[in-house]
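Asker: There's a structure below that I have some questions on.
The values are calculated or read from the model by the stated rules, or taken from the named source; none is laboratory data. Computed from a prediction, not measured in an experiment: that's the story for all the values here. No Cβ is skipped: glycine too gets one built from the backbone with ideal geometry, and neighbour counts run over all protein chains shown. For accessibility, only protein heavy atoms count, side chains too; no ligands or nucleic acids. Shrake-Rupley method; radii C 1.70, N 1.55, O 1.52, S 1.80 Å.
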Amino acid sequence: MSRYEIYSPEGLRVDGRRYNELRYFKCALGTHAHAADGSAMVEMGTSQVVCTVKGPQEPQQRSSMDTKKAVLRVNVHVAPFSSITRTKHTSNEKQLQELSMNLEETFADVVLAHLAPRTEIIVDLHVLAQDGNIMAGCVNAMCLGLIDAGVPMLDFIASVGVALADSVPLLDPNHIECSELPNLTVGVTGKSNKASLVIAEKRILLDRIKPSLDLAIMGCKTVHDIMDEQVRIRLNSLEDRIKR
Amino acid sequence: MIAKRSSKQSVAHKVFVRSTKAGNAHKIFREQYLRDDVSCGSVKCGECSGKAQPDFKGDVVPPVLANTDLYCVVDTNICLKAIDLLEHPDCFTDVVIPHTVLEEVRNQSISVYTRLRALTSTSFQSKKRFYVYHNEFSESTFSQRQRMETVNDYNDRLIRLVTKYYNEHLSNPKSSFKAVLITNDRLNLEKCRSENILAASLHDYVTELGNAKLLDLVAIQEDAADLKSKQKNETSYAPYISTSAVLSGLNSQHLHQGKLSISRYNYLEASVSVQGSSKPFLVIGRDMMNRAFDGDKVVVELLPKSQWRKPLQTLTEADQDAGAADDEEQESSILSEKERLVMLEEARNAKPGEAEPTCKVVAVLKRNWRFYVGNISSEFAKHGERDSGALRSVLVRPMDKRISQIRIQTRRPNELAGKRIVVAVDDWPSWSRFPQGHFVKALGDIEDHQAETEAILLEHDIEFRPFPQAAMDCLPAEGDNWKPDELVLTSGKRRDLRDLNICSIDPPGCQDIDDALHAHVLPNGNYSLGVHIADVSHFVEADTPLDLEGALRATSTYLVDRRIDMLPSLLGTNLCSLKPYVERYAFSVIWEMTPEGNIVNTDFTKSLIKSREAFEYTEAQAKHDDKSQNDDLAQSLRILMKVSKMLKQKRLDAGALNLASPEVKIIMGDEMNDPTEVKIKQAVDTNSLVEEFMLLANITVAHKIYEHSPQTAMLRRHPAPPATNFDVINDQLRLKGFPQIATSSSKAVADSLDTIVDPKDPFFNTLIRILATRCMTSAEYFAAGNFAYPEFRHYGLATEIYTHFTSPIRRYADVIVHRQLEAAIGYKHLPPSHFVKANLEKIVDNNNNRHRNAQLAGRASVEYFVGKMLKSQKEPMVLEGYIIKVFSNGLGILVPKYGLESIIHIEDISSEEEPASFDESNYALILANGRKLSIFDKINVKVESQLHEATGKRSVKMTLG
Ligand SMILES: [Zn+2]
């Protein structure tokens, strides 16, 4: 049995949230304006991901060039101090490679790559603190980073995790919930009601996916709104600067 | 559905340091969200119910606490020590459990946590109303831990805050409402006083209620110092070493951990199985056991080699200390590192016959305390005398001889004398000779039928309370009128097998019919054979309260006069039971077999069947033998019989063991509790017919589920016994001039057992089989991922893989296997909890334990009834018995007629003037008159029933006849 009551009969989770509550979500654009063309930071609870974007730019290696569209390359770095035990992660770890690939594929659908052929866009994601699964944080940070870099995109992708405690879906699971329960990461494009990304970490029964997806999509919408707010703030500050 | 965002203001952080198993310290940083919608849970309050939030299903948790004037807030210690009192109907009616307390309880005792949670799932209309208040998530009661504040102090402060909150939140000028903190912590009580918070000790609270019977239930709470001074003359034990010393000791292999098991023959001798050592380490004497109970997880330290010894060859039954181990001069135990390693190596490879390694307990990691049934020792109380009403300290002698006497305090020792009582253990401080406990309840008079039965059940930790309502709610609403739904056949997933001539064969009076069979000849000359098993998993959905209750019980328990079901009897004896003449759901395994007995095809399917007849073994036998009967059922019985004989031959050729254990059947008279006759069970061919097909079904299913879930398939293995287990019996056989039991393989064992016969005594072979069985290891359930395939082997059945599929009504393992088979044949998805190997391992452990307990309880029940039967005899009976063990001070005797086993004590056959001598190498006792009593001798013994004065336990007394 788990150390914790994952979802109490009173309807509260290990950290005091109810099933449909996100952790405190904080994000900002242009956090590392001198270091890259675009940058962003996302905090979901104590998880923290920083994204820097270079490009669209001339590819460093000609071999990786595509004459029809821009090439999107994602590297995920996990800081050794990001989790409870200090461990060194190298970017060619299988898990991280898989994560990078998933991110590249997810964003291939929204980035208008054909507008900048023969270029490459390099996205570096730095996971500074991980509390729960890191996929959702990476998607959100990358989305904001790309927007900050001025990469043409169809729409936002907002992402959030959901875990299943028996039949109750729990929105935005933290580390404890993720390690105890099967969980999904869901991404939604813009204001649509469709999931453009669904990744399951453990086996989940098919008939239980539906309510989890519904909840996750609602969560993504809320995340979308928060990010949208921040993008507008960043836009206004840029406008101010130009006016001055 | 809406998703909510949390505001920055609501986040608090909890930082704490946790040490890991590897000895590292981790700083853990955890978020906590503070809310304004945590309800106080009281019907008095209008404010909170307005803020209540719906859960996922849209329900709002209704208030629980009633409109009374006193709410109790309890602390962790009270929950752990006085859970019986919390459950008592006459006190603690409205209780607030702060979440801080619930978490602490959960970390310390899952069983108390479960009981506490059961108390909270009630409504405000019920008699007891418990509410968990999530204080750490509420803005009103949360407080940051202060610098330098210990966790305990912090938690105590949080609990005081809760008490304060309830008093303020629910205060009303018109009522005299108060919330009281119940705690036994003196410091906390003082702080409450200074902070003006109402608080009381458990003792004061119960005294206030003015119910003397309740007071007895309060654990000893005299000041430790007072008690210590009172008992300073008693022995004192070595204090346990600190946790950090344990961790570093285990790491450096100075110390070893394992489960302590105390010998059933000699309670001063215990053994600890340690990883990496083939033989267990012995723990000899009370001081070396150092307050450990049977089943405790302990940490031990090896003793120097000079203190190693052979296992005691004597029996110890009376309460006396083994001075030997303690009086020996303690040799300086400082050893060089090298010497220590050499010693450890020797200890691990200790051979039989040589001195065996001994060790001492230096710490207890986990207590295995449960409730103990016993009686107040007669020197403390006299039945019939009046109690003075003063609190007295008395010793309770548990029925289980391996458990030390337990000190309790009571105001009515004389009233309780002569009764079976249940006590709980609270503590065993190093300065106290006996553990301290408290009275829980009285079962009834000693030798009262009801009380003794309950005692047997409690002693074997068998859940016999009625099924909880939540579990009963999972049963089909139609109850006994439930009918299978023919519509399920249209889905194509369940096959219609109602046209098959299916019948069941069971012992007389069987109500829970798990299995039924069919057989007929196919057009191509092959046989179609089928085993149809009750479809329990159709009714018991995974992870429902009914499933959880079944998982907890794990098995049905069969006592002589009573059956304790694993599942409610609506399912067990009706809806699941494959009764004749009615339609039932089943899970079928169907083979096509050539007339030579080779399987051509195997098929698994859920089915709808209609059994034609429920036979008793003898009826089926008669029908099979009666040549004049040629109906379909008679024919199928003959096919089944023919095939089963082929199957059996194949198994025996492969080396399956035909072992024996004396199974006794008790025939009851008209009065339910008067046994009139005891018989050894007789087997007819139809017994083995059913058995062969069940084995075949189990093996077939085992292959299938292993193929589908190689990690989590629930299987059953029977490890080969180490050859050394047979050393003693082989030595005894050699002395008596019989052939040896070969141990190289199960086939060798089986073949050699056939050769050990005494032409003059047909029972002798059975006797050796019984004794050989005791040299075997026991079979166990396991999750497939935990062993390599060759280790799956079932030694006794001589099959490479095995599981339990055929008795889902009375074994929970079979229910899991049914679900795994459902998934393997694509009938239904596996429930998520069944994917997790860790989860399955817990089920496996529980099943193994419960299975053993149920068997022991069954045996204890037989023993009790045999004792009763003997008691009703006016004259002691003289019966034939065999000597199966020889000790320096007694003989172990087995009486085959009644399956009785007991001991002849040396005091009863010799005296100081005429001493008996013990010839250890020849396994013999030589009496003063020259009579030699040696192992395997057939002798006449006088058998009578005897009431043991001290324990009130009736047992069999044997003397030479
Ligand atoms: Zn309230």
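Asker: Can you pull out every residue in the range B:138-149 that is open to solvent by less than 70 Å² (accessible area, probe 1.4 Å) and more than 15 Å from the ligand (Cβ to nearest atom)?
Answerer: Of everything in the range B:138-149, those that are open to solvent by less than 70 Å² (accessible area, probe 1.4 Å) and more than 15 Å from the ligand (Cβ to nearest atom) turn out to be B:Phe142, B:Ser143, B:Glu149.
Asker: Also, I was wondering about something else. List the strands (runs of 3 or more DSSP E) that sit entirely inside the range B:462-565 and contain at least 3 residues that are closer than 30 Å to B:Thr594 by Cβ, open to solvent by less than 30 Å² (accessible area, probe 1.4 Å) and out of contact with any Gly (no Cβ under 9 Å at 6 or more places or on another chain).
Answerer: Ranges flagged: B:502-506, B:527-534.
Asker: Kindly evaluate A:Asn236 against the criterion of being at pLDDT 90 or above and either surrounded by fewer than 20 Cβ atoms within 10 Å (Cβ to Cβ) or within 9 Å of chain B (Cβ to nearest Cβ) (or both).
Answerer: Yes.
Asker: What residue, of B:Thr799, B:Thr803, B:Thr777, is among the β-branched types (Val, Ile, Thr) and farther than 10 Å from B:Arg717 by Cα?
Answerer: B:Thr777
Asker: Considering only residues of the range B:150-163 that are touching a residue at least 40 places away in the same chain (Cβ under 8 Å) and β-branched (Val, Ile, Thr), which is nearest to the ligand (Cβ to nearest atom)?
Answerer: So, considering only residues that are touching a residue at least 40 places away in the same chain (Cβ under 8 Å) and β-branched (Val, Ile, Thr), the one nearest to the ligand (Cβ to nearest atom) is B:Val162.
This table checks each residue for (1) within 16 Å of the ligand (Cβ to nearest atom); (2) hydroxyl-bearing (Ser, Thr, Tyr); (3) surrounded by fewer than 16 Cβ atoms within 10 Å (Cβ to Cβ); (4) assigned to a strand (DSSP E or B).
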position	(1), (2), (3), (4)
B:Ser6	no, yes, no, no
B:Gly50	yes, no, yes, no
B:Pro54	no, no, yes, no
B:Thr68	yes, yes, yes, no
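This table checks each residue for (1) in a strand (DSSP E or B); (2) open to solvent by less than 40 Å² (accessible area, probe 1.4 Å); (3) not assigned by TED's automatic domain parsing to the domain that holds B:Arg494.
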{"residue": "B:His829", "(1), (2), (3)": "no, no, no"}
{"residue": "B:Glu841", "(1), (2), (3)": "no, no, no"}
{"residue": "B:Val844", "(1), (2), (3)": "no, yes, no"}
{"residue": "B:Ser861", "(1), (2), (3)": "no, yes, yes"}
{"residue": "B:Tyr864", "(1), (2), (3)": "no, yes, yes"}
{"residue": "B:Ile884", "(1), (2), (3)": "yes, yes, yes"}
{"residue": "B:Leu894", "(1), (2), (3)": "yes, yes, yes"}
{"residue": "B:Glu907", "(1), (2), (3)": "no, no, yes"}
{"residue": "B:Glu914", "(1), (2), (3)": "no, no, yes"}
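Asker: Do we have any residue at all in the range A:153-160 that's open to solvent by 20 Å² or more (accessible area, probe 1.4 Å) and within 14 Å of chain B (Cβ to nearest Cβ)?
Answerer: No - not one qualifying residue is present in the range A:153-160.
Asker: Here's another thing I want to ask about it. On the basis of being among the hydrophobic types (A, V, I, L, M, F, W, C), under 30 Å from B:Leu715 (Cβ atoms) and out of contact with any Ser or Thr (no Cβ under 6 Å at 6 or more places or on another chain), does B:Val866 make the cut?
Answerer: Considered against the rule, which asks whether it is among the hydrophobic types (A, V, I, L, M, F, W, C), under 30 Å from B:Leu715 (Cβ atoms) and out of contact with any Ser or Thr (no Cβ under 6 Å at 6 or more places or on another chain), B:Val866 comes out as no.
Asker: Please tell me if A:Thr119 is farther than 30 Å from B:His134 by Cα, surrounded by 15 or more Cβ atoms within 10 Å (Cβ to Cβ), without any contact (Cβ under 8 Å) to a residue 60 or more places away in the chain and polar (S, T, N, Q).
Answerer: In short, no.
Asker: With respect to the numbered conditions (1) assigned to a loop (DSSP other than H, G, I, E, B); (2) within 16 Å of the ligand (Cβ to nearest atom), which one is the sole condition not fulfilled by B:Val96?
Answerer: Result: B:Val96 passes all but (1).
Asker: With respect to the numbered conditions (1) closer than 22 Å to B:Ala470 by Cβ; (2) away from chain A (no Cβ under 11 Å); (3) of a type outside the set (A, V, I, L, M), which one is the sole condition not fulfilled by B:Tyr165?
Answerer: Condition (1) is where B:Tyr165 drops out.
Asker: Return yes or no: is B:Leu715 open to solvent by less than 20 Å² (accessible area, probe 1.4 Å), in contact with a Ser or Thr (Cβ under 9 Å, 6 or more places away or on another chain) and not polar (S, T, N, Q)?
Answerer: yes
Asker: Regarding B:Val95, is this residue open to solvent by less than 10 Å² (accessible area, probe 1.4 Å), in contact (Cβ under 8 Å) with a residue 12 or more places away in the chain, within 14 Å of another protein chain (Cβ to nearest Cβ) and in contact with a strand residue (DSSP E or B) (Cβ under 6 Å, 6 or more places away or on another chain)?
Answerer: Answer is no for this residue.
This table checks each residue for (1) crowded, with 16+ Cβ neighbours inside 10 Å; (2) without any contact (Cβ under 8 Å) to a residue 24 or more places away in the chain; (3) not assigned by TED's automatic domain parsing to the domain that holds B:Ile883.
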{"site": "B:Thr743", "(1), (2), (3)": "yes, yes, yes"}
{"site": "B:Ser746", "(1), (2), (3)": "yes, no, yes"}
{"site": "B:Val749", "(1), (2), (3)": "yes, no, yes"}
{"site": "B:Pro762", "(1), (2), (3)": "no, yes, yes"}
{"site": "B:Ala772", "(1), (2), (3)": "yes, no, yes"}
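Asker: How many residues does the range B:688-743 contain that are closer than 24 Å to B:Val836 by Cα and hydrophobic (A, V, I, L, M, F, W, C)?
Answerer: Looking only at that region, the number is 7.
Asker: List pairs: first residue in the range B:516-541 and farther than 24 Å from B:Ala614 by Cβ, second residue open to solvent by 10 Å² or more (accessible area, probe 1.4 Å) and part of a strand (DSSP E or B) anywhere in the structure, Cβ distance under 9 angstrom, at least six positions apart or on different chains.
Answerer: Listed pairs, sorted by first residue: B:Leu522/B:Ser528; B:Leu522/B:Glu592; B:Asn524/B:Glu592; B:Asn526/B:Glu592; B:Asn526/B:Val600; B:Asn526/B:Asn601.
Asker: If you go through the range B:28-39 one residue at a time, do you hit one that is assigned to a strand (DSSP E or B), at negative phi, away from the ligand (no atom under 16 Å from the Cβ) and charged (D, E, K, R)?
Answerer: Yes, that holds for at least one residue.
Asker: Look at B:Glu791 and say whether it is surrounded by 18 or more Cβ atoms within 10 Å (Cβ to Cβ) and under 18 Å from B:Glu707 (Cα atoms).
Answerer: Judged against the criteria, B:Glu791 is not a match.
Asker: Assess whether B:His134 counts as being within 14 Å of chain A (Cβ to nearest Cβ), open to solvent by less than 80 Å² (accessible area, probe 1.4 Å) and either within 16 Å of the ligand (Cβ to nearest atom) or farther than 27 Å from B:His438 by Cβ (or both).
Answerer: yes
Here's the yes/no breakdown for (1) over 24 Å from B:Asp84 (Cα atoms); (2) assigned to a helix (DSSP H, G or I); (3) of a type in the set (D, E, K, R):
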residue: B:Thr114; (1), (2), (3): no, yes, no
residue: B:Leu119; (1), (2), (3): no, yes, no
residue: B:Ser126; (1), (2), (3): no, no, no
residue: B:Gln144; (1), (2), (3): yes, no, no
residue: B:Tyr154; (1), (2), (3): yes, yes, no
residue: B:Arg157; (1), (2), (3): yes, yes, yes
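Asker: In the range B:164-215, what residues are crowded, with 18+ Cβ neighbours inside 10 Å and within 16 Å of the ligand (Cβ to nearest atom)?
Answerer: Residues satisfying the conditions are B:Lys164, B:Tyr165, B:Tyr166, B:Asn167, B:Leu170, B:Ala179.
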